[in-house]
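What follows is a set of notes on a single structure, which appears directly below.
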Amino acid sequence: MILSATTYAFGIVAALAVLVVIFALLRRGTLRERHAVWWLVAGVFALVIAVFPHLLVWASKVLGVEVPANLVFFVAIALLVLLTLQHSAELTRAEDRIRVLAEQAASLDLRLRMLEAQTCAHREEGRDD
């Protein structure tokens, strides 16, 4: 697999840019560590393949994939599936927490209304005396 110098450089720069963006998002707190793991895996994979493109050819031969680009697409799709599963699991947990919190808030609201009603009733009883 022979790459032009431009294609080789572009691959390395693109992979480094992805890693820089991931670390910048982590540093700013925009991206949490648990979400960044798969992105870091993808970025490191892209950097390794960009620096050593023959590894992709070798891996595709070992795995029996005729076109090395198909292996890249397969790995990318697999990473995206893992990310989707992770986010789906977190969304489910968040929905459960939101439901519990909504139930607690409704219970506390009912309790507060009952206490306010009792307080008003006691005040009205005090006025009647």
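The values are calculated or read from the model by the stated rules, or taken from the named source; none is laboratory data. None of the values given here were measured: they were computed from a predicted structure. Cβ sites come from the backbone with ideal geometry, for glycine too, and all protein chains shown count toward neighbours. Heavy atoms of the whole protein, side chains included, go into the accessibility calculation; ligands, DNA and RNA do not. Shrake-Rupley method; radii C 1.70, N 1.55, O 1.52, S 1.80 Å.
Side notes on the structure shown:
- With Cα atoms, 0 to 90° folded angle of helix 68-128 axis to the chain main axis: 10
- Leading residue at positive end of dipole, the chain (Cβ point charges), from N70, A42, F10: F10
- Heavy atoms of E95 accessible to a 1.4 Å probe, total area in Å² rounded to 10: 110
- Sum of -39500 (n - 2.57) over DSSP H runs of 4+, divided by residues of the chain (222 nm, nearest 500): -32000 deg cm²/dmol
- Alpha carbon convex hull of the stretch 53-129, projected area averaged over orientations, nm²: 7.4
- What you get for the chain, charging only the Cβ of Lys and Arg (+1) and of Asp and Glu (-1), is a dipole of about 700 debye around the Cα centre.
- Length gained when the stretch T84-L26 is fully extended (0.36 nm per residue, less Cα-Cα span): 18.9 nm
- Among (1) 1.44; (2) 0.97; (3) 0.93, the entry that matches Rg/Rh (Cα atoms, Kirkwood Rh) as calculated here: (1)
- Gained length - F73 relative to A36, 0.36 nm times residue gap less alpha-carbon distance: 11.3 nm
- Degrees, to the nearest 10: 53-63 long Cα axis against longest axis of the chain: 80
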